[in-house]
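Scroll down for the structure; my scribbles are underneath it.
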Amino acid sequence: MKNTVRKGFLFLVIALIAVSGAFAQRVGDTVQVGGRNYSVAEVRNDGSLVLRPAAGGLDGVWRGDTSGTIITISGDTAVYTQIGNHALMQDAVSKGQIAIGDIAMQRLTRRTGSSQEWSGHVRFFNILQSAPNVSRASVLSQNTNLELSVDGRSLTMRNYPGGTSNAVDYTYTRQ
């Protein structure tokens, strides 16, 4: 009798777990597949899930929306993996100031209390106002702020060139 009661109780617990949806996923949940984190973007009527890379970090390959420059971020450093077609970038390449594999950003640090914001240093090109597409020098000293979109697909870099109060935004898309 005790064995039958135990089996019945165990069956009831399993049934309650299954019915209550303890294993169900909701939009916004994070799941791990093949060692990578993904966010649930959509739960379809047939029970299948649409997953997107989780917005947990910056690591990955990013393409600049206006210039075509591609950077790869790993940990706290980004390197150039493709130099875009912007005249300033091409001038810097021709002068040997920048090359594939060079650091694009460094000291990337998640802001305290934020899951979507980072700060760091970005490669800055000194220019003359009279010749905005001519690179005079390249240094890694310009502070920058980065904001990752909620879905983890878009990264906005905000700079204040030359210490001015006029912000310049650059957008990258995760590849």
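A few comments on the model shown:
- Single residue of region 48-57 satisfying the filter (at pLDDT below 80 and not in a strand (DSSP E or B)) that is nearest to Thr112 (Cα to Cα): Gly56
- Taking the criterion of being assigned to a loop (DSSP other than H, G, I, E, B), of a type outside the set (S, T, N, Q) and touching a strand residue (DSSP E or B) at 6+ places or on another chain (Cβ under 9 Å), the residues of region 101-124 that qualify are Gly101, Asp102, Arg111.
- Inter-residue pairs, beta-carbon under 8 Å, first touching a residue at least 12 places away in the same chain (Cβ under 8 Å) and in region 73-98, second assigned to a strand (DSSP E or B) and hydroxyl-bearing (Ser, Thr, Tyr), 6+ apart: Asp76/Thr109; Ala78/Thr72; Val79/Thr72; Thr81/Thr72; Ala92/Ser138; Gln97/Ser138; Ile98/Tyr80; Ile98/Ser138
- Count of residues meeting criterion [modelled with pLDDT under 90 and either within 16 Å of Asp151 (Cα to Cα) or among the polar types (S, T, N, Q) (or both)] in region 58-93: 4
- Residues considered: Ala92, Ala99. Of these, the only one that is assigned by TED's automatic domain parsing to the domain that holds Asn133 and touching a Ser or Thr at 6+ places or on another chain (Cβ under 7 Å) is Ala92.
- Residue match in region 97-110 (condition: at pLDDT below 85 and over 14 Å from Thr173 (Cβ atoms)): no
- Number of positions in region 89-103 that are more than 25 Å from the chain's Cα centre (by Cα) and not small (Gly, Ala, Ser): 5
- Per-region count, region 94-112, residues loosely packed, with under 15 Cβ neighbours inside 10 Å and under 18 Å from Ser149 (Cβ atoms): 1
- Any hit, region 150-164, residues being at pLDDT 75 or above, more than 22 Å from Thr81 (Cα to Cα) and not in a strand (DSSP E or B): yes
The values are calculated or read from the model by the stated rules, or taken from the named source; none is laboratory data. These numbers were taken from a predicted model, which means no experiment stands behind them. A quick note on method: Cβ atoms are made from the backbone with ideal geometry, for glycine too, and the neighbour counts reach across all protein chains shown.
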